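Worksheet for the structure shown next.
Readers should treat all values here as calculations from the given coordinates under stated rules, not as data from a laboratory. Small disclaimer: the values here were computed from a predicted structure and weren't measured. Positions of Cβ are generated from backbone atoms using ideal geometry, with glycine treated the same way; all protein chains shown enter the neighbour counts.
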Amino acid sequence: MSKQILLNIALAFCTLSLQAQQRPTPKAKAKIAANPALTASLTRGAVVYKNVCITCHMADGGGVPNINPPLTKTEYVLGDKARLTHIVLAGLAEPIEIDGNDYKQHMPAQAYLTDQQVADVLTYVRNNFGNKASAVQVAEVKAVRATLK
């Protein structure tokens, strides 16, 4: 099989897996439906995640053991939004420890993403994979980006 066919099969599998795991509960559906801005952000964030993040952090947000950290219920994801935004915009070169496991893979900066894309993907990550946290606002991303110049 050619590399392109294998890549297409793998991408299709990841997309189906991501879609299957993102079925919200009825209670969550009602809350999301009541907030059209949040719904739009989560939808856009899912697209950014599939295009940028899924390769390293996997469809289920579980990462790759000892290489790429999980995005599931970690203090990095659920904690300080500015720190998380900084990691996305500036990258992360040093190893980090999460739940007693070391992750050593360098995360490249994603500064080419717009402020809206960063806010959307972080809102998506902070509200998927078993996570529940406040949305990231575009103004918060702009503030962090301004510190990087």
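Worth a mention:
- Cβ-defined net charge surrounding residue 148, 15 Å radius [Lys, Arg +1; Asp, Glu -1]: +2
- Note on residue 131 and residue 146: their simple-model spin labels are 2.4 nm apart, each label 7 Å out from Cα toward Cβ.
- Of the residues 107, 143, 118, the one whose Cα sits farthest towards the positive end of the charge dipole of region 54-149 is 143 (charges of +1 on Lys and Arg Cβ, -1 on Asp and Glu Cβ, taken about the Cα centre).
- Placing dummy labels 7 Å off each Cα toward the beta-carbon, the span from residue 66 to residue 101 is 1.1 nm.
- Sequence-distant residues sharing a close amide H with residue 98 (under 5 Å, placed H): 103
- With a simple spin-label model that places each label point 7 Å from the Cα along the Cα-to-Cβ direction, the separation between residue 112 and residue 80 comes to 2.8 nm.
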